[in-house]
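Structure record follows, encoded as structure tokens.
A short reminder: the numbers here are calculations on the coordinates, not readings from a lab. From a predicted model like this one, the values you see are computed outputs, not experimental measurements. Here the Cβ positions follow ideal geometry from the backbone for every residue, glycine too, while neighbour counts run over all protein chains shown.
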Amino acid sequence: MRKVVIMMIVFFICFFAIQNTICMATFTDPLEDPEHYQPSENPTGNNTAFIERANIAIGVIQVIGTLLSVVTFMVLGIRYMVASVQEKALYKETMGPYIVGAIMLFAIPNLISVLYDLITKNITR
């Protein structure tokens, strides 16, 4: 269990440490040119096709993950009920990583969808 946690921590540190830091933004002083920013004339502002595809992908991942975790949990439960005392101890050890994986599988897509909803509601206000 420690190895899995350490590997996940290292993965997240590497993931967030390696970022693209190139910024190609330009600054126009709003006092010099107040008409520079026109949000209604932004040609790249229509991202509805990307958002729809991302929502479909997240939905598919959630459904497949839910089905796989439920089936796996059922199989482990049946094997636990039928198992001997020694095998029950072995199944108790395998339940820990399974439960962590199932929580991650449920929590990550739901967290992403909640963050997306919060961001889009705050932007549209």
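The string of couplings for the stretch 111-120 from the Karplus curve (6.51, -1.76, 1.60, θ = phi - 60°) is 5, 5, 5, 5, 4, 4, 4, 5, 5, 5 Hz, one whole number per residue in order, with x for Gly and Pro.
Relative to the current alpha-carbon distance between Thr94 and Phe50, full extension at 0.36 nm per residue lengthens the span by 12.0 nm. Each residue, Arg79 and Thr120, gets one label point 7 Å from its Cα in the Cβ direction; the gap between the two is 4.0 nm. A prolate overall shape is assigned to the stretch 53-125, the ratio a/c of its alpha-carbon gyration tensor axes (a ≥ b ≥ c) being 1.5 or greater and a/b exceeding b/c. 3J(HN,Hα) along the stretch 87-94: 5, 5, 5, 5, 5, 5, 5, 7 Hz, from the Karplus curve 6.51 cos²θ - 1.76 cosθ + 1.60 with θ = phi - 60°, whole Hz, x for Gly and Pro.
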